[in-house]
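Novice: First the structure, which I've put down as structure tokens, then a few questions once you've had a look.
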Amino acid sequence: MNDEYMVGMKAHGEDAFPNECCGFFYGEEKDDVRWVTIAKRIINVKEDDKRRRFEISGKNYLRAERFATQEGLTLLGIYHRHPLHPAIPSKHDLEVAMPWFSYIILSVEPSGVHHVRSWQLNESREFEEETIK
Amino acid sequence: MATLINPTPLRKFTNGNAVFEADASNVNELLNALSSANGGIKKHLFDDYGKLRGFIRFYVGDEDINEL
């Protein structure tokens, strides 16, 4: 992942603290390696409990798919953060997860982002960790 | 003939194709056709009780038709 986008995701996570934040990232996949070239913030539309949950509106998802098509990129996944919790998918994350996508989770403390980990569903709809470089 | 634009995460089940076409007169028939034609996709569309997963939305153009 380009450092610029990792810095952007971390800044987003710190700006939104103590609420959850989220965004999409785009790029390409080649030989099972995903290259992130763009990350874009989106609005967490969760109406209650924004500290523990995030929700992406259908319209924002539709826009993300169209943006990827227009730019000739692949929509690779979604990042979000866990305020005061580890960068491990929650039960809710699992319930709303889609196959193939990478889910980058940032663990954020008052002092800043502590851990960044990425996860992907396997064929049994269980999360497996991906390596971030 | 109904045409479905697959979201990116489901294209792994359609050989990378974004477009799926089937003879279907409603969304249920289209989903059934999609599930039959692409093994493995069903469990990501429906939960263990056969209910459509809550985060799946359908659009015709820009109109969200999940509430119809």
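The values are calculated or read from the model by the stated rules, or taken from the named source; none is laboratory data. Just so it is clear, the model here is predicted, and its values are computed rather than measured. As a convention, Cβ positions derive from the backbone with ideal geometry for all residues, glycine included, and neighbour counts pool all protein chains shown. When the accessible area is computed, the model is the full protein with side chains, heavy atoms only, and any ligands, DNA or RNA have been set aside. Shrake-Rupley method; radii C 1.70, N 1.55, O 1.52, S 1.80 Å.
Novice: Using a 1.4 Å probe on the heavy atoms of the protein chains only, list every residue of the range A:98-132 that has 40 Å² or more less accessible area in the complete assembly than in its chain alone.
Specialist: Buried on complex formation: A:Pro99, A:Trp100, A:Glu123, A:Arg125.
Novice: Oh, and also: Taking amide H positions as placed in the peptide plane 1.01 Å from N, state which residues far from A:Leu84 in sequence (5 or more) or on other chains have amide H under 5 Å from it.
Specialist: A:Val108, A:Glu109
Novice: Using a Förster distance of 41 angstrom, determine the FRET efficiency expected from the C-beta separation of B:Ser25 and A:Lys40, and round it to 0.05.
Specialist: Working: r = 37 Å, r/R0 = 0.91.
After rounding, the FRET efficiency stands at 0.65.
Novice: Could I ask something else about it? Determine the per residue accessible area of chain B with all protein chains present and a 1.4 angstrom probe, expressed in square angstrom.
Specialist: For chain B, the per-residue accessible area is 63 Å².
Novice: Using a Förster radius of 35 Å, what is the FRET efficiency between A:His85 and A:Lys133 based on their Cβ-Cβ separation? Nearest 0.05, please.
Specialist: It comes to 0.90.
Novice: Which pairs, out of A:Lys91/A:Lys133; A:Lys91/B:Lys42; B:Lys12/B:Lys43, put more than 22 Å between their alpha-carbon atoms?
Specialist: Details: A:Lys91/A:Lys133 26 Å; A:Lys91/B:Lys42 20 Å; B:Lys12/B:Lys43 14 Å.
Checking Cα-Cα distances, A:Lys91/A:Lys133 exceed 22 Å.
Novice: Taking the Cα centre of the protein assembly as shown as the origin, how large is its charge dipole in debye, to the nearest 20, when only Lys and Arg (+1) and Asp and Glu (-1) carry charge on their Cβ atoms? Walk me through the numbers on the way to the answer.
Specialist: On the way: 25 positive and 32 negative charges, 46 e Å.
Dipole of the protein assembly as shown, to the nearest 20 debye: 220 debye.
Novice: Sum -39500 (n - 2.57) across every DSSP H segment of at least 4 residues in chain B, then divide by the residue count to get the 222 nm mean residue ellipticity, nearest 500.
Specialist: -5500 deg cm²/dmol
Novice: Let me ask another. Farthest toward the dipole's positive end in the protein assembly as shown, which of A:Ser118, B:Thr14, B:Thr3, given Cβ charges of +1 (Lys, Arg) and -1 (Asp, Glu) about the Cα centre?
Specialist: Result: A:Ser118.
Novice: Mind jotting down the distance between the C-alpha centroids of the range A:21-43 and the range A:53-80, whole Å?
Specialist: 9 Å
Novice: To the nearest 20 Debye, how big is the dipole of chain B about its Cα centre, given +1 on the beta carbon of each Lys and Arg and -1 on that of each Asp and Glu?
Specialist: 420 debye
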